[in-house]
Amino acid sequence: MKNSVRNRQLKPRLIITAMLILAISACSEAPPAYELILRGGTIIDGSSQPGFTGDVAINGDMIVAIGDLGEASGQMEIDVSGQVVAPGFINIHSHSVGDALATAVNMISQGVTTEIMNSDGRSPLDIETQFTGFAQNGLALNVGGYVGFNSVWEEVVGLEDTRPTQAQITEMQNLIRSALEDGVWGVSAGLDYVPGYYAETQEVIAVLDPFDDWNVVFTNHDRLTPETDYSSIIGMTETITIGEAAGLVPLVTHMKVQGWEQGKAGEILEAMRVAETTNSEGAVADVYPYLAGATGLSALIIPGWAQAGGRAAMLERFQDPELRAQIIAEAEQAMELRWGGASGVFVMSNQQELTDIMADFGTDSAGEAVIRVLQEADSGVILRFGSEEDLIEIMQHPTVSIACDCDAVPEGARVHPRYWGTFPKVLGEYVREKQALSLEQAIYKMTWLPAKTIGITDRGLLKPGMAADITVFDPQTVIDHATYENPTARPVGINYVIVNGEFALSEGVVSGANSGEVLARPRPF
């Protein structure tokens, strides 16, 4: 991202300005004056420490004072008594492609002020151009990105299940190095998705091996294979193994214990705790508060070998009776072990349960129904996978952040309800109603923990000198309303969202301001 973006990690001019303001205020008899004061809220600063009642003052795009500012004045003052004042929420698992970042209504409505995109292994290879384009079109919130391992592998090795040469490994390393120099926050992979699925564990380690001194994350959608009976625990263990061996911090993304392994969250959480990583805290993870995920119909149901070469090659295999029978058998095995069979699959293009589609086709074969849908067009699917007990245990783990696996989307787009509900759902359901987390713990997992996880240093906490990204919400009413049937219903209780000192949302109404910035990670050396 080089010269096209501002690096928010080092802003000496603003820090000096803030120090001068404070020094002048201390020496003057007149009370200090600020551009904006949020008065009388419950300040939960993101550190996980107990909240306290106080005021927050902002000048420009920076927090400059916190505490009892009773004698101070502000050009604008807002009474937020009875509400929580928190750092803006940081979503470290986003798939934004840019179309809706200028408004980002669904993200701002949740209190999100920063998205880190290019998750699950997919990204452009020219990261600088990607983010320059985002900035030129306007940003309602801050954005940063990863470099996608799957995209790098496809560029160099292709879509076939072949072994890379040493020259190809070097070429992949060069592409990743270029992206790191452009300011990405880590390497993302989706080893459960073609073509990352074809990369052997030691090959992934070899590609990542030169980057141990960058102190970045390796975030991975864990790989579940028929050879392991689609074990999510083995898949997550592979993520940890790769991170440990390559010297990157392993980040188990949208963490879940699926299908037949439900009830065993403690096993993988213990493996995370004892992992030997560069951050001294073990492996890290993120999680969303739902018991179903969303992806493409072919991605995790059709076996990897049948997807080799792309969609046209897959459709050709469907026409071969022998191959079709094998694909159906393996697809049905995957559905049974991962999602409890056809009853765990909802097809979004048809807005139907897979069981109803089977009835429409007049077949009792779930695999056959999937193939027939795919022959017409690919589709998104909702996949039900887990248990509430595992979810809560994962959510409570000290190195697990809250992230929505969602992104800014155009209004009206029918997607998973997490796109509109994740952060309010945690605050309303898992804090207030179920008391699975304290308010301080939940906010820590939405702010400073994800910031620390990927290396953001200037946001995620409320304290003087930090960027003025702030979310204000009513702890008594905040809740999600999005459902699988009505996934675009807006949450309630998020009342103010400030991005770099400007209101992105005021009294629950999105302002349309474009005060977001592209965030580039500084080089560690």
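The values are calculated or read from the model by the stated rules, or taken from the named source; none is laboratory data. Owing to the predicted nature of the structure, the values given are computational and were not obtained by experimental measurement. Because the Cβ atoms are built from the backbone with ideal geometry, glycine has one as well, and the counts that use them run over all protein chains shown.
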Query raised in the report: What strands (runs of 3 or more DSSP E) lie completely within region 27-101 and have 2 or more residues being aliphatic (A, V, I, L, M) and touching a strand residue (DSSP E or B) at 6+ places or on another chain (Cβ under 9 Å)?
Result: 33-43, 52-59, 62-67, 73-79, 84-87
Requested in this report: Give the number of residues within region 111-125 that are touching an Asp or Glu at 6+ places or on another chain (Cβ under 9 Å) and either modelled with pLDDT under 95 or not in a loop (DSSP other than H, G, I, E, B) (or both).
Outcome: 4
Query raised in the report: Any residue in region 143-153 that is in contact (Cβ under 8 Å) with a residue 60 or more places away in the chain and more than 20 Å from Val249 (Cα to Cα)?
Result: yes
Query raised in the report: Given the conditions (1) farther than 24 Å from Leu141 by Cβ; (2) at pLDDT 95 or above; (3) outside any helix (DSSP H, G or I); (4) in contact with a helix residue (DSSP H, G or I) (Cβ under 8 Å, 6 or more places away or on another chain), and given that Ser401 satisfies all but one, which numbered condition is not satisfied?
Result: (1)
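Tell me the residue from Lys445, Lys452 that is surrounded by fewer than 21 Cβ atoms within 10 Å (Cβ to Cβ), outside any loop (DSSP other than H, G, I, E, B) and within 20 Å of the chain's Cα centre (by Cα), please.
Numbers: Lys445 fails: surrounded by fewer than 21 Cβ atoms within 10 Å (Cβ to Cβ).
None of the others qualify; the one that does is Lys452.
Residue-by-condition table, conditions (1) of a type in the set (Lys, Arg); (2) part of a helix (DSSP H, G or I); (3) under 26 Å from Gly340 (Cα atoms); (4) without any contact (Cβ under 8 Å) to a residue 24 or more places away in the chain:
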position: Thr241; (1), (2), (3), (4): no, yes, no, no
position: Ala245; (1), (2), (3), (4): no, yes, no, no
position: Trp260; (1), (2), (3), (4): no, yes, yes, no
position: Leu269; (1), (2), (3), (4): no, yes, yes, no
position: Met272; (1), (2), (3), (4): no, yes, no, no
position: Gly282; (1), (2), (3), (4): no, no, no, no
Report task. Would you check if Asp458 is assigned to a loop (DSSP other than H, G, I, E, B) and outside the structural domain of Gln319 (by TED's automatic domain parsing)? Result -> yes
Query raised in the report: Here are some residues: Ser73, Ser48, Ser81, Ser94. Which one is on the phi < 0 side of the Ramachandran plot, in contact (Cβ under 8 Å) with a residue 12 or more places away in the chain and in contact with a helix residue (DSSP H, G or I) (Cβ under 9 Å, 6 or more places away or on another chain)?
Result: Ser94
Report task. Quickly run through region 240-295 and pick out the residues that are over 22 Å from the mean Cα position of the chain (by Cα), surrounded by fewer than 21 Cβ atoms within 10 Å (Cβ to Cβ) and closer than 29 Å to Ala482 by Cα. Result -> Trp260, Gln262, Gly263, Lys264
Query raised in the report: Looking at (1) in a loop (DSSP other than H, G, I, E, B); (2) touching a Lys or Arg at 6+ places or on another chain (Cβ under 9 Å); (3) surrounded by fewer than 22 Cβ atoms within 10 Å (Cβ to Cβ), which is the one condition that is false for Tyr230?
Result: (3)
Query raised in the report: Of all residues in region 419-446, which are touching a residue at least 60 places away in the same chain (Cβ under 8 Å) and within 30 Å of Thr278 (Cβ to Cβ)?
Result: Thr422, Phe423, Val426, Glu440, Gln441, Ile443, Tyr444, Met446
Requested in this report: All but one of (1) part of a helix (DSSP H, G or I); (2) touching an Asp or Glu at 6+ places or on another chain (Cβ under 6 Å) hold for Arg223, so report the exception by its number.
Outcome: (1)
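Can you name every residue in region 186-220 that is among the hydroxyl-bearing types (Ser, Thr, Tyr) and part of a strand (DSSP E or B)? It would help to see each step written out before you state the result.
Looking only at region 186-220, we keep the residues that are among the hydroxyl-bearing types (Ser, Thr, Tyr), and these are 188, 193, 197-198, 201, 219.
If the condition is that a residue be among the hydroxyl-bearing types (Ser, Thr, Tyr) and part of a strand (DSSP E or B), then Ser188, Thr219 are the ones that fit.
Would you pick out the residues in region 116-136 that are free of Cβ contacts under 8 Å to residues at least 40 places away in the same chain and not β-branched (Val, Ile, Thr)?
Initial filter on region 116-136 (free of Cβ contacts under 8 Å to residues at least 40 places away in the same chain): 124, 126, 129-130, 133, 136.
Scanning region 116-136 gives Pro124, Asp126, Gln130, Gly133, Gln136.
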Report summary line: Scanning region 247-258 for residues that are closer than 19 Å to Trp448 by Cα and without any contact (Cβ under 8 Å) to a residue 60 or more places away in the chain gives Pro250, Val252
Report summary line: Per the filter on region 63-97, residues within 22 Å of the chain's Cα centre (by Cα), more than 13 Å from Ile116 (Cβ to Cβ) and surrounded by fewer than 24 Cβ atoms within 10 Å (Cβ to Cβ) are Val97
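How about region 303-375: which helices (runs of 4 or more DSSP H) wholly inside it have at least 2 residues that are within 24 Å of Ser387 (Cα to Cα) and not assigned by TED's automatic domain parsing to the domain that holds Ser232? Quick ask: steps written out before the conclusion?
Working: elements: 304-307, 311-318, 321-339, 354-361.
Answer list for region 303-375: 321-339, 354-361.
Can you name every residue in region 433-442 that is over 19 Å from Gly460 (Cβ atoms) and surrounded by fewer than 17 Cβ atoms within 10 Å (Cβ to Cβ)? Give the derivation first.
The first filter runs over region 433-442 and keeps only residues over 19 Å from Gly460 (Cβ atoms), leaving 433-436.
Those that are over 19 Å from Gly460 (Cβ atoms) and surrounded by fewer than 17 Cβ atoms within 10 Å (Cβ to Cβ): Glu433, Lys434, Gln435.
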